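Structure, as structure tokens:
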Amino acid sequence: MNEFFQQLTNGLAVGGIYALVALGYTMVYGVLKLINFAHGDLFTIGAYFGLTLLASGGLAAGLPPAAAVALALLLVLLMVAALGVALERVAYRPLRKANRLSAVVSALGASIMLQNAVMLVYGARFYVYPEELRPSLALHVFGLSVPVMRLVVIVGSVLLMLALYAFIHRTRMGAAIRAVAIDQGAARLMGINVDRVISLVFFLGAGLGGAAGVMVGMYYGQIDFTMGWTYGLKAFTAAILGGIGNIPGAMLGGLLLGVIEALGASYLAMAWKDAIAFLVLILILIIRPTGLLGERVADKL
């Protein structure tokens, strides 16, 4: 049981990261019916921005470690969010009235460009987050030893997800996002600035992805310029697992995928963890093609 709960907490931490990235995919799809293939690379840029601020930006020198990491997380969220808005203006808005294939090609091109830009700026080697900023303490509860960093990732990801859910369902801008997801034409007739709402969706999704990148750097300690492909694919899988375009579904899918991977790696084999996760996805889609929650965006965004 001790091993089970160890892997369960590990899966929840990894799943929280998947869920944060999956929210970017599902929100953009909900509003534009577009898969933003460059979203995983925004996640990578967030990880590198966090490293730059903490290792070279001087944040770690003048602040306590917890405060430095929290400030870096906030700054990265805002910077990557702004980059996401710029990406929408340059790569997607000019093609909004074109066929969907043009937008997909543009998304793939943006992904390749961002990945290679990171490689050219930072190099192709692995980078390591400052060890002194990553707490090595563990919390002992009922004989279970849980690293503090794991709890920080779980709590941080859950708080960000709850904040997004509250924003979508408790604010006027959140209502505008839901209205645009239902019918853009009707939303325009009601006086909603659709372009501003779409920019806000990219702002929120990219920001959460950037924050997830910092969490990965803090949790695992090292990053590389290709990590966006792996995490982007897993997050996209999580979004489909929960129901693409469904915000609670993306949260549930991410957490579930992380737990499945962790338990599969522990009880079967590490080499099979990806295969197990995708096998579960295939089985669920055979039984329920719309995903676990499965509601349409227009009903349940």
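The values are calculated or read from the model by the stated rules, or taken from the named source; none is laboratory data. Bear in mind the structure is a predicted one, so any value in this text is a computation, not a measurement. Note that each Cβ is placed from the backbone with ideal geometry, even for glycine, and that neighbours are counted across all protein chains shown. Only protein heavy atoms, including side chains, enter the accessible area calculation; ligands, DNA and RNA are left aside. Shrake-Rupley method; radii C 1.70, N 1.55, O 1.52, S 1.80 Å.
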Gyration tensor (Cα only) of segment 226-285 to equivalent ellipsoid, semi-axes in Å sorted down, yields 19, 13, 10
Measuring from the longest principal axis of the C-alpha atoms of the chain, the long axis of helix 247-267 (C-alpha) lies at a number of degrees, nearest 10, equal to 30
Under a 1.4 Å probe, counting only protein heavy atoms, THR290 has an accessible area in Å², nearest 10, of 80
Measure of exposure for ARG93: accessible area at 1.4 Å probe, Å² rounded to 10, is 60
Using alpha carbon positions and the Kirkwood radius, the Rg to Rh ratio of segment 1-131 is 1.04
Expected unfolding gain across LEU71-LYS97 under the 0.36 nm per residue rule, minus the alpha-carbon gap, is 5.4 nm
Of every hundred units of 1.4 Å-probe accessible area on the chain, the number belonging to carbon and sulfur atoms, as a percent, is 70
Placing each pseudo-label 7 Å from Cα in the direction of the beta carbon, MET113 and LEU189 end up separated by a distance in nanometres of 3.6
Taking N as the number of residues in segment 200-248, the ratio of its alpha carbon radius of gyration to 2.2 N^0.38 Å works out to 1.24
For MET149, MET190, MET173, the accessible-area ranking with a 1.4 Å probe, largest leading, is MET190, MET173, MET149
Rounded to the nearest 10 Å², the accessible area of LYS33 using a 1.4 Å probe with every protein chain kept is 80
Pseudo-spin-label distance VAL105 to LEU159, built 7 Å along Cα→Cβ, given in nm, is 4.5
Judged on accessible area alone, 1.4 Å probe, highest first, TYR48, TYR220 line up as TYR220, TYR48
Taking only the alpha carbons of segment 150-258, the radius of gyration and the largest Cα-Cα distance, Dmax, both in angstrom, are 15.6, 49
Expressed in nanometres to one decimal, the distance between label points 7 Å along Cα→Cβ at MET1 and ARG170 is 3.6
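Divide by every residue of the chain the summed helix terms, -39500 (n - 2.57) for each DSSP H run of at least 4, and state the resulting mean residue ellipticity at 222 nm, rounded to the nearest 500 deg cm²/dmol.
Mean residue ellipticity, 222 nm, calculated: -24000 deg cm²/dmol.
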Nearest 10, in degrees from 0 to 90: the angle of helix 194-220 to the longest Cα principal axis of the chain is 10
Square roots of five times the C-alpha gyration tensor eigenvalues of the chain, ordered largest first and given in whole Å, equal 30, 24, 18
At R0 = 22 Å the Cβ-Cβ FRET efficiency linking ALA55 and LEU137, nearest 0.05, sits at 0.55
Note to self: with every protein chain in place and a 1.4 Å probe, the chain gives an accessible area per residue in Å² of 47
